[in-house]
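The values are calculated or read from the model by the stated rules, or taken from the named source; none is laboratory data. All values reported here derive from a predicted model rather than from experimental measurement. Ideal geometry is used to build each Cβ from the backbone, glycine not excepted, and the neighbour counts take in all protein chains shown. Remember, those area values only see protein heavy atoms, side chains included, never the ligands or the DNA or RNA. Shrake-Rupley method; radii C 1.70, N 1.55, O 1.52, S 1.80 Å.
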Amino acid sequence: QPLPPPRALIGSDMSPLRITAFTDSRCEHCASLHETLRTLRGSVAPGSYSVDARQFPLDGRCNSLLRPGEGDDVRCVAAKLLICAGPTGKESDLASALFEKQAGLTGKQTREIAEQFLTKPQIASCLDSTDTGAELERDIAAAARFDSDGTPIVAINGRKGTSFAPFLYVMVLTRGNANHPAFDGLPAGNPAAHLH
C-alpha cells in the first residue's frame, strides 16, 4: 500500500526495511511493539531498518473510522502530542514514557508527561492546531488501507505485517525479502492466523 512520506523517521532513510507502525497509546500490544522495536535497534547492525511511527487512536472523537469513546480523551491527546514531538526527535522517548504509564493514563497526565519533551506553549499549540488534526487524519487514512482488526497495525515496506517480535527480527535479517531462501524450510503459512 502507498504510505505517506515519513514524518520523523528513526533510522536511515536508506535502510532496506521500513517498518511503519500505527499505534494507540492505551493499546498493550502497541506498548510491546514499541519495546520490541527499541530492542531490535540494539540487536542488529545500524542501518538495517528504519521505523516510521504513526498514530491510530482507538477513539472516534479523533478517528472517524470508529465510534466516539467514553470518558477521557487520552487517546486523542496522546496521538496529537506524539505527532508534534516527531519533528523534535523526541517522539520515541515520549511514546516510551506514555506506554510506561498507559494503564491509568489520562489526558491530563499525558500533557504532564509531554512537558518533559515539549514546552507548555508547544503542547497548547499542538492540541489546538488544525495542521496536527490533518496530520492525524492522514495517519488514520493510511492505516485504514491495511484492513486491520485493531492495533498495532504494522507495514513492512508498505505490505501488511504483524507486530510478532520473531517475525520482525526475521524481516530485518532478510532485509524485508519475503522470498528469501531462509523461508524455504518453513511450513505453509496460515492466512487466517492472528498474531500480535
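Applying both filters, DSSP loop and at most 12 other Cβ atoms within 10 Å, to the GluC sites (Glu not before Pro) of the range 1-94 gives 70.
For the range 67-196, with all protein chains present and a 1.4 Å probe, just round the carbon and sulfur fraction of the accessible area to a whole percent. Numbers along the way, then the final one.
On the way: 3730 of 7330 Å².
Summing carbon and sulfur atoms, their accessible area is 51 percent of the total for the range 67-196.
Subtracting the Cα-Cα distance of residue 12 and residue 106 from 0.36 nm times their residue separation leaves 30.5 nm of extension gain. Evaluated with a Cβ-only charge set (Lys, Arg +1; Asp, Glu -1), the chain carries a dipole of roughly 260 debye about its Cα centre, given to the nearest 20.
One chain, two ends: residue 149 and residue 39. Fully extended at 0.36 nm per residue, the span grows by 37.0 nm beyond their Cα-Cα distance. Stretching the chain fully between residue 124 and residue 65 yields a gain of 18.7 nm (0.36 nm per residue, less the alpha carbon separation).
Here's the picture: charge each Lys and Arg Cβ at +1 and each Asp and Glu Cβ at -1 in the chain, and of 132, 166, 152 the one pushed furthest to the positive end of that dipole is 166. Taking all protein chains as shown and a probe of 1.4 angstrom, residue 171 keeps an accessible surface of around 20 Å². Think of a 1.4 Å ball rolled over the protein heavy atoms: the range 60-162 then has 51 Å² of accessible area per residue.
Charges on Cβ only, +1 for Lys and Arg, -1 for Asp and Glu, centred on the Cα centroid of the chain; of 2, 110, 30, which one is farthest towards the dipole's positive end? Selected residue: 2. This model, with +1 at the C-beta of Lys and Arg and -1 at the C-beta of Asp and Glu, gives the range 1-55 a dipole about its Cα centre of some 80 debye. Remark: relative contact order (the chain) = 29 percent; criterion is Cα-Cα distance under 8 angstrom and separation of 6 or more residues.
Checking (1) 26, 20, 16; (2) 29, 18, 15; (3) 23, 21, 15 against the coordinates, the calculated semi-axes √(5λ) of the Cα gyration tensor in Å falls under label (2). Rounded to the nearest whole Hz, the Karplus-based 3J(HN,Hα) values (6.51 cos²θ - 1.76 cosθ + 1.60, θ = phi - 60°) of the range 103-108 follow the sequence 3, x, 4, 10, x, 4, with x at glycine and proline.
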